[in-house]
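Worksheet for the structure shown next.
The values are calculated or read from the model by the stated rules, or taken from the named source; none is laboratory data. Because the structure is a prediction, the values reported are computed rather than measured. Ideal geometry is used to build each Cβ from the backbone, glycine not excepted, and the neighbour counts take in all protein chains shown. Areas reflect the complete protein model, heavy atoms only, side chains present, ligands, DNA and RNA absent. Shrake-Rupley method; radii C 1.70, N 1.55, O 1.52, S 1.80 Å.
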Amino acid sequence: MKRFISISICILLIFNLFIPSTFAADRENEMFEKVLADVKPRIPDTSGFPEFDSNIRTENGKVIYSFNWGGEAHRSMYLSALESGIIIEYGFFEEIRNAPPPAGFDRIPTEEAVRKTQVLLNKLNPAIAGKLFVEAYEGPESFNADSLYFMVVHKEGGVPVQGDTGRVTVDVNAEKITSFRMKYTEGLKYVSPHDILSKDAAKSAFAEELGLTLGYRTYKDYQKRTVKVFTTYSDENGTTYLDANTGKATEIQLYNDLFFSKNESASDMITGSGSSSGNFSEAESKELENIGGILSVSAAEKLLRSNPILNITGDYAVEETGLRKVVYSENSYIRTVVFRATKPDKSAFIHIDIDAATGEVLSYSNFSGTASGKKLTAAQLKDAADKILAELGGDKAAEFKMNEHDGADGYFTYTRYVNEIPVFGDTVSVEVSTDAAALISYRMNYTETEFPSTAKAITHTEACEKFFSHTDYIPLYIPQKTDADLMYPDTTTLVFTPDVSGILIDAVNGNRITAQGTLYEEAAVFEDYTDISGHYAEEKILALHRFGIGFSGNMFYPDRQISQAEFIELSQQAIGNVLSVSDLKSIPHNVLTRIEATRLICRALKIDKYAEIEGIYNCPFEDVESGKGYVSLLWGLGIINGTSKNQFSPDDGLTRAQAAIILYNTMRTL
């Protein structure tokens, strides 16, 4: 009887192991066929490809089916799709051996290319045709591009979904997609975007609920060995956003597979190469004198071993040491000491940087590992971190405040405050083991400098106004979880967010500045010109403008005479760096004459040596005495015209409109 029961149990176990895998395989095959059948009507005919393979993978909880067609020397195709049939990757390669596609001026306008690409993408993904939007990248087009590239954005009710973006590539006629890839999140819930705050109301709420942070920033000039200090207003809200419906600040958990490294890498060490003798320069002597006053290796080791927080036991020996100069300070040095475990079964080591004059610990990293055990409370861990900062930071510790929301994992960050405002970049990080609160890592960044008063800072209201003059405030859906135990987001929160990040407002004058404290210079923007409508050169000026060739601002001043330097600049935009100021014969800001322009263009086309041959040209213009070869060659190529049938007016100043026409015609010949 027992034997019968044992056999029955074995059979049952075998059955239970075998049947589910069979069912799983059956479902996999079933879904494979379903997805393949779903996508095939939306892609080019696959019957001509002799080879086909596939694979299945899982990403972020979603099963992705990938298919590859090939076997032909000049054609291949691939795609990846979700179980729902939504295509998230697609590529089609086909070598074309006929005439090259139109380029530059003959290409369809960007607006038409975007519209045609949108139609193609809708056919590729009809189920979400109203949710994927093709958008052109900012900036001018590339004149010689053999493909067109556009952004793809997932929007719900006109509002973008955070992270759901991609790119689509089409041929220059926008008649077929050659590649497409994007992230698309399924199964999310969305609240209506129609009843949210207006942008003006959102900006007012931002100032009240979130606001900008007034703080010091420092810029270290390593060549001059100086430290620059300045005050800024900046958006330091991190993952706190403005709820688009309530206008209240809300903390958002981001799910973008972002990884943050908590332990900063150990600093590079520069080890001395021994002593030398001989005559030393004044700078060399000064350096040797400075080094002579710092802690020796043995003194540094003794000091470190005596500190109980650092836990350098007797089974650790000094393995490496180094000394390096603080490059932005004249007489400051950092000594590095690396302790290595001496026991053969232990590979741990401890890396420490100290101020070579005072012995202050600047950074500490213990790579010994910690034993697992019970987890201490957040309060216990915080208390341990505070004590470590007080012990290692000394008098400086009082200037640092712990950042909120830190500590659950034993990692704490402190920010320095001077005159009751933060000093961005001056921080202390402390990591302790969660089971014993033992020190794992410590690093202090502290700038020794004077900090100016903030008495003359503009008001927070003024700063917010300046801030929003450099960015728009736009609504955004951010994927969220309704339950922390869920593996992946299932809903969204609708928030407002600046569409430009990293804006720094000078707290004194309200200007936008860089991280170096210099005035931020906006990139040149080619606006629509308002002074060329109906002008004889309008078509050519607009054709150049499309490819970023022209003058910034909304005025072209077509009848203004162009300077030599301006013509060189336009030439570089149009045909590359084939000309420079060295090609000019007079002062760059002087007006460029029409005959001088012909010489420059011939030089750019590398035909100037032919133009200089005398006695072989029959110039069509009777007023050209010198430079007949330049004029004749360019007239024959269709690049230049005269001011009348028989006159070229060689010594007249070239106008901006005439320069645009010449460069347009030059690009046509290339």
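Checked against (1) at pLDDT below 90; (2) within 28 Å of residue 318 (Cα to Cα), residue 389 meets all criteria but (1).
Quick check: anything in the stretch 614-622 among the acidic types (Asp, Glu) and touching a helix residue (DSSP H, G or I) at 6+ places or on another chain (Cβ under 6 Å)? No: zero hits.
Counting just the residues of the stretch 493-535 that are free of Cβ contacts under 8 Å to residues at least 60 places away in the same chain and part of a strand (DSSP E or B), which one comes out most open to solvent (accessible area, probe 1.4 Å)? Across the stretch 493-535, the extreme among qualifying residues is 519.
Within the stretch 177-195, restricting attention to residues that are in contact with a Leu (Cβ under 7 Å, 6 or more places away or on another chain) and modelled with pLDDT under 95, the residue that is nearest to residue 478 (Cα to Cα) is 191. Close Cβ contacts (under 8 Å, 6 or more residues apart or on different chains) running from residues in the stretch 107-126 that are part of a helix (DSSP H, G or I) to residues that are of a type in the set (Phe, Trp, Tyr) comprise 113/150; 114/150; 117/150; 118/133; 121/180; 124/90; 124/180.
Scanning the stretch 234-242 finds no residues that are over 26 Å from the mean Cα position of the chain (by Cα), outside any loop (DSSP other than H, G, I, E, B), under 27 Å from residue 462 (Cβ atoms) and not aliphatic (A, V, I, L, M).
If you go through the stretch 426-442 and pick out every residue that is at pLDDT 95 or above and surrounded by fewer than 19 Cβ atoms within 10 Å (Cβ to Cβ), you end up with 1. Restricting attention to the stretch 34-70, which residues are surrounded by fewer than 12 Cβ atoms within 10 Å (Cβ to Cβ) and in a loop (DSSP other than H, G, I, E, B)? Answer for the stretch 34-70, where residues must be surrounded by fewer than 12 Cβ atoms within 10 Å (Cβ to Cβ) and in a loop (DSSP other than H, G, I, E, B): 45, 47, 48, 50, 61.
Scan the stretch 579-627 residue by residue and report those that are open to solvent by less than 100 Å² (accessible area, probe 1.4 Å), among the polar types (S, T, N, Q) and in a loop (DSSP other than H, G, I, E, B). Across the stretch 579-627, the qualifying residues are 580, 586, 590, 626. Among the residues of the stretch 386-425, the one identified as of a type in the set (Gly, Ala, Ser), surrounded by fewer than 17 Cβ atoms within 10 Å (Cβ to Cβ) and farther than 24 Å from residue 306 by Cα is 408. Given the criteria among the small types (Gly, Ala, Ser), open to solvent by 60 Å² or more (accessible area, probe 1.4 Å) and either over 26 Å from residue 543 (Cβ atoms) or under 53 Å from the mean Cα position of the chain (by Cα) (or both), does residue 632 qualify? No; evaluated as a whole, the condition is false for this residue. Selection of the stretch 478-492 for residues being polar (S, T, N, Q) and either more than 25 Å from residue 156 (Cβ to Cβ) or loosely packed, with under 12 Cβ neighbours inside 10 Å (or both) yields only 482.
In the condition set (1) under 15 Å from residue 634 (Cβ atoms); (2) modelled with pLDDT under 90, residue 585 is compliant with all but (1).
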